[in-house]
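Below is one structure; the comments refer to it alone.
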Amino acid sequence: MADRQRFPIAKLPGFAGIALLTFVLLYLPIVTLVVFSFNEAASISRWEGFSLRWYQAAFENSQVREVSIRSLWLAATAAGIATVVATMAALGTTRTSRFPGQTMIYALINQPLMVPEVVTGVALLIFFAVIKVQSGYTGMGYLVAAHTAFCIPFAYLPIRARLETMDLTLERAAADLYADPLQTFRWVTLPLLLPGIVAGYMLAFVISLDTVVITEFVKSAGQDTLPTYMLGQLRRIVTPEMNAIATLFLLLSVIAVTIFFALSRKRA
């Protein structure tokens with residue numbers, strides 16, 4: 001039987017124009033942001049020459065340094081915990097025979113992906129408010145817990161996908177050679193799974209670094225992250241310094257996402 005020809009979607013009328021318009025709408029605002037971060041003037045709409053003054057102003061701003069360090073620490077911590085939990089969840093849902101409730105567990109793990117972020121934020125606000133009243137603790141632990149819970153499904157998906165595409169031959173061979181489950185995981189499964197784990201960590205890191213809604217609902221006074229700090233500044237006045245900070249933030253996210261796609265792409 002002859003192979004079916006692929007549907008030539010690129011030849012549909014208007015396809016090229018719609019695709020071009022989509023890319024323009026997606027990336028033209030970002031390009032404009034990056035360009036005006038190098039503007040000499042304080043205006044965000046009138047170009048008056050190339051300058052790095054706003055990047056210098058951002059680096060010299062002690063508050064920007066403080067919230068940036070807090071954001072990086074929070075993202076690294078939450079992503080690390082989320083990756084460990086996601087790895088155990090992925091192993092528990094792929095390296096076992098089917099059991100009643102397995103589909104429900106899968107749905108619960110991915111719940112933050114299906115529920116609007118504002119709903120999760122309000123739920124966490126109410127839940128943590130009760131704990132704060134009872135314990136009196138108002139530290140960063142709430143933000144770590146909230147970001148971790150939100151990032152688990154993002155770390156879980158690439159790790160589970162990696163496990164599902166792994167050949168079980170080596171694991172079975174290790175069992176035939178009298179390796180116990182822990183030894184098999186340590187010397188066979190973990191090295192093969194490592195690219196998925198790193199990809200899951202990088203994706204969770206970017207999600208935690210970028211989230212605003214969850215942080216706004218959960219944070220206490222003096223716990224601003226870089227996104228919430230920028231949001232607060234933009235409500236007062238918009239300066240090219242915010243453009244410079246956003247450009248650096250964008251660069252960090254692009255690097256992390258690039259590493260994620262490089263590690264998670266399908267290999268022969």
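Remarks
- Label point at L113 placed 7 Å out along Cα→Cβ; residues across the range 74-100 whose backbone nitrogen lies under 18 Å: 79, 82-95
- Read-out mean projected area of the Cα convex hull in nm², derived from the coordinates shown; its label in (1) 22.4; (2) 16.5; (3) 12.3: (1)
- The dipole here belongs to the chain: it is taken about the Cα centre, uses +1 on the Cβ of Lys and Arg and -1 on the Cβ of Asp and Glu, and is about 480 debye.
- In plain terms, the chain is cut at each of the GluC sites (Glu not before Pro) found in a DSSP loop with at most 14 other Cβ atoms within 10 Å, and the longest leftover piece is 49-268.
Quick note: the coordinates plus some simple rules give every number you see, no bench work behind them. Predicted model, so just to flag it, every value in this text is computed and none were measured. Every residue, glycine among them, receives a Cβ derived from its backbone with ideal geometry; neighbour counts consider all protein chains shown.
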